[in-house]
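> Here it is, the structure, as structure tokens.
The values are calculated or read from the model by the stated rules, or taken from the named source; none is laboratory data. Predicted model, so just to flag it, every value in this text is computed and none were measured. Here the Cβ positions follow ideal geometry from the backbone for every residue, glycine too, while neighbour counts run over all protein chains shown.
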Amino acid sequence: STQLSRNETAWWREADAKHHLHPFTDTKGLANEGGSRIITKAEGVWLTDSEGNRILDGMAGLWCVNMGYGRKELALAAYDQMLELPYYNTFFKTATPPSVELSEKLAKITPDGLNHVFYGSSGSDANDTIVRMVRHFWNLARKPTKKIFISRNNAYHGSTMAAASLGGMAAMHGQADLPLPGFEHVMQPYWFDLGGDLTPDELGLKAAEALENRILILGAQNVAAFIGEPVQGAGGVIIPPESYWPKVQEICRKYDILLIADEVICGFGRTGNWFGCETFGISPDIMPLAKGISSGYLPLSAVMVGERVAGTLIEDGGEFYHGFTYSGHPVCCAVALANIRLMEEENIVEKVRSKTGPYLQAKLNELADHPLVGEVRGVGFLGAIELAKDKATRARFADVGTTGALCKDYATGNGLIMRAVGDTLVVSPPLIMSKPEIDELFKRARLSLDMTA
Ligand code: PLP
């Protein structure tokens with residue numbers, strides 16, 4: 001049984017509080033609240049904690065368990081590969097069957113022109129790889145002044161020094177004297193907060209123009225790349241207006257600036273296509289992937305590199321002095337391959353595009369009439385619920401974040417994991433979630449809103 005005695009739970013909590021420094025957690029606050037919730041088991045879209053509570057996972061873990069929990073196919077792929085060859089590296093002219101097969105598969109399923117892949121273990125290290133690779137590329141292309149990366153306020157690209165510098169989270173910057181030199185940030189196309197009197201499309205153009213203005217100030221000869229998530233995820237599920245990405249693409253072409261689409265959340269079906277780039281008509285030069293690549297079962301990331309950059313690196317670069325012990329790890333690659341095959345067999349992307357995705361969006365829209373809700377928005381299996389004092393003026397509650405946190409806590413009590421980004425509640429459930437489970441998710445979300453009101 002997964003249900004453990006209270007004593008055992010208490011011991012776990014105490015030992016956890018004593019020894020474990022958790023990511024993105026106020027350790028003292030956690031102790032005051034009685035410690036971590038211990039998750040012991042999961043099946044499908046349901047988590048079970050150590051006290052036997054069943055909780056609907058509206059966040060797919062951290063936006064990653066796309067094919068749901070308890071998939072035997074993925075466990076067996078790992079088991080088989082561990083027995084066959086648990087580890088070998090891909091340095092120094094070696095490869096393994098899973099690393100080769102996954103590379104070929106990724107080249108096939110990603111958008112045209114992205115045919116080369118560099119492996120790592122996390123979205124953060126993928127973005128670190130990109131920073132080094134892009135700087136190396138521009139040196140080789142004899143434009144060595146092109147060094148600056150531009151990204152967006154409130155973007156999340158990971159937690160390493162380079163990835164957090166690419167990111168635009170002020171709280172993260174503040175704690176470690178970031179960003180590093182050479183990382184710039186511009187406004188994001190966040191209509192609800194930044195739109196004022198503009199239409200969403202006007203705001204989209206304004207945000208794209210902010211990029212162009214920054215390029216002109218910095219000098220295009222100094223700008224290496226622009227990076228953005230097709231839909232900003234951890235920043236609050238910011239769905240870009242239609243005007244935004246085509247204009248950004250045009251600006252990057254005009255000034256010869258590489259375009260990087262961070263697909264760590266949007267990739268692998270989240271927006272109703274295999275990749276967010278397809279949903280929003282983006283043609284990136286480089287595309288980092290992680291999370292959904294293995295449905296989170298094992299850590300893996302992949303930087304997809306387009307012909308222009310890969311061609312130069314291969315032709316003119318010689319050895320790229322960069323790599324990780326676990327680059328192309330055979331067990332992680334085997335699980336990713338099994339995961340992608342499972343997605344194909346279950347036709348999951350098509351389901352999200354035309355069946356369960358539209359259903360989820362319709363249910364999300366039903367929350368728009370709630371007195372606490374200023375706006376709902378979403379795409380595919382991503383959704384955001386903006387809490388606001390006044391729908392018409394989009395005025396926030398005082399002390400932004402308090403209402404969102406309260407509602408999220410009520411949701412947890414009601415057996416639903418949602419995430420609060422300030423006063424924006426976000427959902428990103430496993431892509432396998434069924435219609436009755438979607439009903440249950442929104443029933444619990446509404447109840448939590450009612451309790452907050
Ligand atoms: N990029 C995006 C868009 C993300 O959402 C995240 C994680 O949430 C990352 C990168 C970093 O990935 P990881 O946590 O695997 O390092």
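> Regarding the range 342-365, can at least one residue be identified that is surrounded by 17 or more Cβ atoms within 10 Å (Cβ to Cβ), more than 15 Å from the ligand (Cβ to nearest atom), without any contact (Cβ under 8 Å) to a residue 40 or more places away in the chain and not in a loop (DSSP other than H, G, I, E, B)?
Yes, there is a match, as at least one residue in the range 342-365 is surrounded by 17 or more Cβ atoms within 10 Å (Cβ to Cβ), more than 15 Å from the ligand (Cβ to nearest atom), without any contact (Cβ under 8 Å) to a residue 40 or more places away in the chain and not in a loop (DSSP other than H, G, I, E, B).
> Applying the selection to the range 180-232, what residues are of a type in the set (Val, Ile, Thr) and closer than 18 Å to GLN249 by Cα?
VAL186, ILE215, VAL223, ILE227, VAL231, listed by residue number.
> Here is a further query. Please pick out the residue among ILE251, ILE257, ILE239, ILE217 that is among the hydrophobic types (A, V, I, L, M, F, W, C) and more than 20 Å from LYS146 (Cα to Cα).
Sole residue among the options that is among the hydrophobic types (A, V, I, L, M, F, W, C) and more than 20 Å from LYS146 (Cα to Cα): ILE239.
> Would you pick out the residues in the range 212-244 that are within 22 Å of the chain's Cα centre (by Cα) and exposed (fewer than 15 other Cβ atoms within 10 Å of the Cβ)?
Answer for the range 212-244, where residues must be within 22 Å of the chain's Cα centre (by Cα) and exposed (fewer than 15 other Cβ atoms within 10 Å of the Cβ): just GLU242.
> Now for a different question. Kindly check whether there is at least one residue in the range 423-440 that is hydrophobic (A, V, I, L, M, F, W, C) and without any contact (Cβ under 8 Å) to a residue 60 or more places away in the chain.
yes
> Check ILE130 against each of (1) farther than 19 Å from ASP316 by Cβ; (2) surrounded by 24 or more Cβ atoms within 10 Å (Cβ to Cβ) and name the one condition it does not meet.
Checking ILE130 against (1) farther than 19 Å from ASP316 by Cβ; (2) surrounded by 24 or more Cβ atoms within 10 Å (Cβ to Cβ), the one that fails is (1).
> Output the residues belonging to the range 221-251 that are away from the ligand (no atom under 16 Å from the Cβ), under 20 Å from SER165 (Cα atoms) and not β-branched (Val, Ile, Thr).
If the condition is that a residue be away from the ligand (no atom under 16 Å from the Cβ), under 20 Å from SER165 (Cα atoms) and not β-branched (Val, Ile, Thr), then ASN222, ALA224 are the ones that fit.
> Residues in the range 379-410 that are within 28 Å of GLY292 (Cα to Cα), surrounded by 16 or more Cβ atoms within 10 Å (Cβ to Cβ), free of Cβ contacts under 8 Å to residues at least 60 places away in the same chain and of a type in the set (A, V, I, L, M, F, W, C): how many?
1
> I've got another one for you. Go through (1) within 16 Å of the chain's Cα centre (by Cα); (2) of a type outside the set (D, E, K, R); (3) away from the ligand (no atom under 14 Å from the Cβ) for ALA163 and report which single condition fails.
(3)
> In addition: Does MET304 satisfy the criteria of being surrounded by 24 or more Cβ atoms within 10 Å (Cβ to Cβ), closer than 21 Å to ILE238 by Cα and aliphatic (A, V, I, L, M)?
So MET304 fails the test.
> Here is a further query. Would you check which residues across the range 94-123 are within 19 Å of ALA224 (Cβ to Cβ) and under 19 Å from the mean Cα position of the chain (by Cα) and list them?
Selection gives PHE118 alone.
> Go through the range 44-68 and give me each residue that's in contact (Cβ under 8 Å) with a residue 60 or more places away in the chain, more than 16 Å from the ligand (Cβ to nearest atom), within 27 Å of TRP11 (Cα to Cα) and hydrophobic (A, V, I, L, M, F, W, C).
Matches in the range 44-68: LEU47, ILE55, LEU56.
> Go through (1) under 23 Å from the mean Cα position of the chain (by Cα); (2) farther than 30 Å from GLU440 by Cα; (3) touching a residue at least 12 places away in the same chain (Cβ under 8 Å) for TRP12 and report which single condition fails.
Single failed check for TRP12: (1).
> Here is a further query. What do you reckon, is TYR326 at pLDDT 95 or above, within 16 Å of the ligand (Cβ to nearest atom) and of a type in the set (Phe, Trp, Tyr)?
Yes; evaluated as a whole, the condition is true for this residue.
> Can you spot a residue in the range 180-189 that is in contact (Cβ under 8 Å) with a residue 40 or more places away in the chain and out of contact with any Cys (no Cβ under 9 Å at 6 or more places or on another chain)?
yes
> Working only within the range 310-324, note down all residues that are hydroxyl-bearing (Ser, Thr, Tyr) and not in a helix (DSSP H, G or I).
The one that is hydroxyl-bearing (Ser, Thr, Tyr) and not in a helix (DSSP H, G or I): TYR321.
> Considering the range 124-151 alone, what residues qualify as being under 24 Å from GLN249 (Cβ atoms), among the polar types (S, T, N, Q) and within 16 Å of the ligand (Cβ to nearest atom)?
Residues satisfying the conditions are ASN127, THR129, SER151.
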